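**Q** Here it is, the structure in full.
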Amino acid sequence: MTSKIKPGKGAPYARITGVGGYRPTRVVPNEEILKHIDSSDEWIRSRSGIATRHWAGPEETVAVMAVEAAGKAIADAGLDPEQIGGVIVATVSHFKQTPAIATEIAHKLGAGKPAAFDINAGCAAFGYGLTLAKGMVTEGSAEHVLVIGVERLSDLTDVTDRSTAFLFGDGAGAVVVGPSQEPAMGPSVWGSEGDKSDVISQTVPWDGYRVGDVGQLPVGADGELKFPAIRQEGQAVFRWAVFEMAKVAQQALDAAGVSPADLDVFIPHQANMRIIDSMVKTLKLPEHVTVARDVETTGNTSAASIPLAMERLLATGQAKSGDTALVIGFGAGLAYAATVVTLP
Amino acid sequence: MAATQEEIVAGLAEIVNEIAGIPAEDVQLDKSFTDDLDVDSLSMVEVVVAAEERFDVKIPDDDVKNLKTVGDAADYILKHQA
């Protein structure tokens, strides 16, 4: 029996057609972090490569930052907001779960009635969003899809934890994924290792506050209940990120049929400069490959880090449109996603 | 064939030299990785992974924190090598 269902008419391939970023106005140097922890600028720089990060002010909400970044990405793609058929928002730091913030962002952009939803895959989420967007474009559910990574990790930072206080930053990065006549996004190599889910996590679940078991909740020096924070086991994360993720990055290159010699740009999740340096060494990337090192002045912005780094490389001329880039995100879950893309 | 303690220390010295730039002759049994050799917690992970490959041994994250000195690491490898 033949099926009565008619398949969608998608584009033959998908590509990233535009990118945009938003960095909050306030720059926070290590000196400010040191007000709350016993450490030093030298220690922070040697462990993380981070010198400054941006922390959002009260007006720079998740929605505001996302709309700024997405508006730039739409303009960069040469589109009008009404042409956007899908809005995917990757975040772990939007604190009102219902409704999805993607719908508000789509509305504020003037995007008509696109499919709009949020995803949570920690620092891997931008790659997850790219994979979904590519599927939507090639399957025919949407012609142009926004993928936005946006975080206010300063809200989830324990400023008194000397192992994480300096790591996190705020910001938004966005890309538009649209139709292409030639391949411009390789297969995604993605997955998760839930047996390591406790290695990076929020200290307390939100319903921990409702249950009110104060013994389980974080309490500050003044006895006040504290907001949850992100905590991680640094050595375990470092080992996994450098050595396991180098294998995943290699698989993504292999899947796309791209050799390191053919690669122009490497944009890993901006977690920590030490991870980036060790990955480059482990992957044996050739000297000519431009490596994103945005973490130095942006900190770790989780889902936003890859599009923010991409935007900066293109804006500063370190990378150019048409370059072949390997992107890999990895983090809480532990989840990961790597792919090779042509830069917009 | 399993490595002797002397071979393990020599191997660790090479690894520490490559990763942290510490002169190999400074890497002695009684030296603390962090206090004497200035190997920080992240470099220590790199040392451990390199040692795993070189000596065909698994050193889980939970055990890494017990390896304070070069002697601790050499003993651990001696005991656990395949």
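**Q** If you scan the range A:203-259, which residues turn out to be away from every other protein chain (no Cβ under 14 Å), closer than 27 Å to B:D62 by Cα and touching a residue at least 40 places away in the same chain (Cβ under 8 Å)?
**A** From the range A:203-259, those away from every other protein chain (no Cβ under 14 Å) are A:203-231, A:248-259; that's our starting set.
From the residues that got through so far, the ones that are closer than 27 Å to B:D62 by Cα too are A:203-205, A:215-218, A:228-231, A:248-249.
The answer is A:T203, A:P218, A:P228, A:A229, A:I230, A:R231, A:V248, A:A249.
**Q** Among the listed residues A:G110, A:G127, identify the single one that is more than 16 Å from the chain's Cα centre (by Cα), modelled with pLDDT of 95 or more and not assigned by TED's automatic domain parsing to the domain that holds A:I328. Reasoning before the result, please.
**A** Values: A:G127 fails: more than 16 Å from the chain's Cα centre (by Cα).
After ruling out the rest, the residue left standing is A:G110.
**Q** Quick check on A:K281: is it among the basic types (K, R), over 28 Å from A:H94 (Cα atoms), within 14 Å of chain B (Cβ to nearest Cβ) and not in a strand (DSSP E or B)? Talk me through it step by step, then tell me what you get.
**A** Numbers: among the basic types (K, R): yes; over 28 Å from A:H94 (Cα atoms): yes; within 14 Å of chain B (Cβ to nearest Cβ): yes; not in a strand (DSSP E or B): yes.
Against the criterion (among the basic types (K, R), over 28 Å from A:H94 (Cα atoms), within 14 Å of chain B (Cβ to nearest Cβ) and not in a strand (DSSP E or B)), A:K281 qualifies.
**Q** Determine which single condition A:V28 fails, assuming it passes every other condition in (1) assigned to a strand (DSSP E or B); (2) within 19 Å of A:L130 (Cβ to Cβ).
**A** (2)
So that you can scan it fast, the table gives a plain yes or no per residue for (1) within 14 Å of A:V147 (Cα to Cα); (2) crowded, with 23+ Cβ neighbours inside 10 Å; (3) touching a His at 6+ places or on another chain (Cβ under 6 Å):
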{"site": "A:R45", "(1), (2), (3)": "no, no, no"}
{"site": "A:A51", "(1), (2), (3)": "no, no, no"}
{"site": "A:A56", "(1), (2), (3)": "no, yes, no"}
{"site": "A:E60", "(1), (2), (3)": "no, no, no"}
{"site": "A:V67", "(1), (2), (3)": "yes, yes, no"}
{"site": "A:I74", "(1), (2), (3)": "yes, yes, no"}
{"site": "A:P81", "(1), (2), (3)": "yes, no, no"}
{"site": "A:G86", "(1), (2), (3)": "yes, yes, no"}
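**Q** Condition check: crowded, with 20+ Cβ neighbours inside 10 Å and charged (D, E, K, R). Does A:R23 satisfy that?
**A** Numbers: crowded, with 20+ Cβ neighbours inside 10 Å: yes; charged (D, E, K, R): yes.
Yes, satisfied.
**Q** Cβ contacts < 9 Å: first residue under 18 Å from A:Q202 (Cβ atoms), restricted to the range A:94-118; second residue of a type in the set (K, R) and in a loop (DSSP other than H, G, I, E, B), any location; separation 6+ or different chain. Result?
**A** Taking only residues 6 or more apart or on different chains, not a single pair turns up.
**Q** Right, next: In the range B:15-33, which residues are touching a Lys or Arg at 6+ places or on another chain (Cβ under 9 Å), outside any loop (DSSP other than H, G, I, E, B) and within 14 Å of chain A (Cβ to nearest Cβ)?
**A** B:I15
**Q** Condition check: away from chain A (no Cβ under 12 Å) and touching a helix residue (DSSP H, G or I) at 6+ places or on another chain (Cβ under 7 Å). Does B:L12 satisfy that? Write out each step before concluding.
**A** On the way: away from chain A (no Cβ under 12 Å): yes; touching a helix residue (DSSP H, G or I) at 6+ places or on another chain (Cβ under 7 Å): yes.
In short, yes.
**Q** Of B:K58, B:K79, which residue is within 14 Å of another protein chain (Cβ to nearest Cβ) and either assigned to a helix (DSSP H, G or I) or over 30 Å from A:R45 (Cβ atoms) (or both)? Step through it out loud before you land on a result.
**A** Details: B:K79 fails: within 14 Å of another protein chain (Cβ to nearest Cβ).
Step by step, each of B:K58, B:K79 is checked, and only B:K58 is within 14 Å of another protein chain (Cβ to nearest Cβ) and either assigned to a helix (DSSP H, G or I) or over 30 Å from A:R45 (Cβ atoms) (or both).
**Q** Find the residue count for the range A:44-71, including only residues that are in a helix (DSSP H, G or I), within 14 Å of another protein chain (Cβ to nearest Cβ), of a type outside the set (K, R) and touching a residue at least 24 places away in the same chain (Cβ under 8 Å). Give the steps one after another, and end with the answer.
**A** Filtering the range A:44-71 for residues in a helix (DSSP H, G or I) gives A:44-48, A:62-71.
Checking the rest, the ones that are also within 14 Å of another protein chain (Cβ to nearest Cβ) come to A:44-48.
Narrowing the set further to residues that are of a type outside the set (K, R) leaves A:44, A:46, A:48.
Filter again for touching a residue at least 24 places away in the same chain (Cβ under 8 Å), leaving A:44, A:48.
Within the range A:44-71, residues that are in a helix (DSSP H, G or I), within 14 Å of another protein chain (Cβ to nearest Cβ), of a type outside the set (K, R) and touching a residue at least 24 places away in the same chain (Cβ under 8 Å) number 2.
**Q** In the range A:298-344, which residues are among the charged types (D, E, K, R), assigned to a helix (DSSP H, G or I) and surrounded by fewer than 23 Cβ atoms within 10 Å (Cβ to Cβ)? Outline the logic, then answer.
**A** Let us first name the residues in the range A:298-344 that are among the charged types (D, E, K, R), namely A:311-312, A:320, A:323.
Filter again for assigned to a helix (DSSP H, G or I), leaving A:311-312.
A:R312 - this is the single residue of the range A:298-344 that is among the charged types (D, E, K, R), assigned to a helix (DSSP H, G or I) and surrounded by fewer than 23 Cβ atoms within 10 Å (Cβ to Cβ).
**Q** Right, something else. Considering only the range B:34-41, I want to know if a residue exists there that is loosely packed, with under 15 Cβ neighbours inside 10 Å, away from chain A (no Cβ under 14 Å) and under 12 Å from the mean Cα position of the chain (by Cα).
**A** no
**Q** Counting only residues that are under 28 Å from A:A66 (Cα atoms) and aliphatic (A, V, I, L, M), which one in the range A:1-31 is farthest from the chain's Cα centre (by Cα)?
**A** Out of the qualifying residues, it is A:A11.
The values are calculated or read from the model by the stated rules, or taken from the named source; none is laboratory data. These numbers were taken from a predicted model, which means no experiment stands behind them. Methodologically, a virtual Cβ is constructed for each residue, glycine included, from the backbone with ideal geometry; neighbour enumeration extends over all protein chains shown.
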